[in-house]
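The values are calculated or read from the model by the stated rules, or taken from the named source; none is laboratory data. Since we're looking at a predicted model, the values are computed, not measured. Here the Cβ positions follow ideal geometry from the backbone for every residue, glycine too, while neighbour counts run over all protein chains shown.
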Amino acid sequence: MRILGTERDLFIFDLDGVILDLMDGFMQNIIRASEAIGLSNGHVERYFEQIWNGDIQPKNSFSDNISAIWPELDGCSLAELVGNIQAVEREHSYPIIIGSVYILRFLKLRGYKTALCTANMLEAVIWKCEAARQHDYGHFRGYRGEAALLSIDLFDYISTPDHGSSGVAKPDPEALLYLFCQSGIPARRAVFFGDWSPDWEAARAIPDLLFIGVTSGGYSRQAFEKQGVPPAQIIPRLSDIIHIISFPHN
């Protein structure tokens with residue numbers, strides 16, 4: 001398959017913001033968890049708005065971003081809050097981004113290799129996928145049907161900090177390099193879809209790896225462009241890949 005004119009055989013995806021709609025309730029979950037331990041939270045939305053606009057850079061890990069919002073927290077209090085957020089996320093799960101699972105299925109049916117590269121631990125990947133399948137999609141039966149297809153079995157290779165990539169997470173490029181070793185497919189034949197700067201930073205450290213930024217997660221088009229992502233490599237969401245792919249003529 002050609003993407004922006006180059007042949008690619010390995011398709012790598014982030015989870016949150018690319019396949020799962022993290023922005024559907026993410027800040028609300030942080031606010032719920034902070035309220036449970038009596039923290040002020042009026043500045044939460046402002047922090048992520050600044051990241052979305054590209055005015056500030058996100059931290060590399062979830063815990064570090066939470067620490068940036070509440071710098072007064074000591075290690076124990078920070079761990080308590082992060083644990084509370086994760087518990088709230090299980091109760092208020094994230095839906096799929098419409099079209100994302102169909103794209104995964106489309107690639108698999110055509111024989112392409114797929115991979116997941118996420119900062120989530122493997123256990124979190126499993127329960128987030130399960131929760132997305134069980135999410136209340138209201139009257140949108142088509143959404144429920146697509147969500148029911150989501151499974152980690154859609155990925156030929158998985159890189160998480162506790163599975164495969166030697167304990168590292170993006171923006172460390174080793175999180176991606178592991179996937180090339182496992183698949184036997186070089187970076188020049190791969191493409192990585194990410195939704196904010198840790199994804200872009202990991203990708204651009206690897207020569208010949210094509211990066212596609214999707215604005216369905218933590219970064220806007222403006223933010224990606226501020227980071228140097230070429231405009232042609234930015235799409236609204238994963239399903240918009242159809243506008244930048246082509247197939248060789250038989």
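Please count how many residues of the range 101-132 are more than 21 Å from Gly194 (Cα to Cα) and either in contact with a Gly (Cβ under 8 Å, 6 or more places away or on another chain) or surrounded by fewer than 17 Cβ atoms within 10 Å (Cβ to Cβ) (or both).
So the answer is 4.
Look through the range 9-25, keep the residues that are more than 8 Å from the chain's Cα centre (by Cα) and at pLDDT 95 or above, and return whichever of them is nearest to Ala169 (Cα to Cα).
Restricting attention to the range 9-25, the residues satisfying the condition of being more than 8 Å from the chain's Cα centre (by Cα) are 9-12, 21-25.
Imposing the further condition that a residue be at pLDDT 95 or above reduces the set to 9-12, 21.
On the way: Asp9: 23, Leu10: 19, Phe11: 18, Ile12: 14, Asp21: 20 Å.
Within the range 9-25, the match that is nearest to Ala169 (Cα to Cα) is Ile12.
Name the residues in the range 59-72 that are within 16 Å of Met23 (Cβ to Cβ) and at pLDDT below 95, would you?
The one that is within 16 Å of Met23 (Cβ to Cβ) and at pLDDT below 95: Phe62.
Among the residues of the range 154-167, is any modelled with pLDDT under 95 and of a type in the set (A, V, I, L, M, F, W, C)?
no
Got a sec? Which of Ala175, Ala202, Ala232, Ala169 is part of a loop (DSSP other than H, G, I, E, B) and of a type outside the set (D, E, K, R)?
Result: Ala169 is the single residue among Ala175, Ala202, Ala232, Ala169 that is part of a loop (DSSP other than H, G, I, E, B) and of a type outside the set (D, E, K, R).
Considering the range 25-51 alone, what residues qualify as being surrounded by 15 or more Cβ atoms within 10 Å (Cβ to Cβ) and in contact (Cβ under 8 Å) with a residue 40 or more places away in the chain?
Gly25, Phe26, Asn29, Ile30, Arg32, Ala33, Ser34, Leu39, Phe48, Ile51
Tally the residues that are touching a Ser or Thr at 6+ places or on another chain (Cβ under 9 Å) and within 22 Å of Cys129 (Cβ to Cβ), restricting the search to the range 23-51.
The number of residues fulfilling the criteria is 2.
Looking only at the range 204-250, filter to residues that are at negative phi and in contact with a Pro (Cβ under 8 Å, 6 or more places away or on another chain); which one of those is surrounded by the most Cβ atoms within 10 Å (Cβ to Cβ)? Show your work before the answer.
Keep residues of the range 204-250 that are at negative phi, which gives 204-207, 209-227, 229-250.
Restricting the remaining residues to those that are in contact with a Pro (Cβ under 8 Å, 6 or more places away or on another chain) gives 205-206, 214-216, 218, 221, 225.
Working: Ala205: 15, Ile206: 18, Val214: 27, Thr215: 20, Ser216: 25, Gly218: 23, Arg221: 15, Glu225: 16.
My answer is Val214.
I need the helices (runs of 4 or more DSSP H) fully contained in the range 59-163, keeping only those with at least 2 residues that are within 22 Å of Ile3 (Cα to Cα) and touching a residue at least 24 places away in the same chain (Cβ under 8 Å). Spell out the reasoning first.
Working: elements: 62-69, 75-91, 100-109, 122-134, 141-147.
Here the list reads 100-109.
If Leu81 satisfies every condition in (1) buried (at least 19 other Cβ atoms within 10 Å of the Cβ); (2) under 27 Å from Asp240 (Cβ atoms) but one, which is the exception?
Of everything listed in (1) buried (at least 19 other Cβ atoms within 10 Å of the Cβ); (2) under 27 Å from Asp240 (Cβ atoms), Leu81 misses just condition (2).
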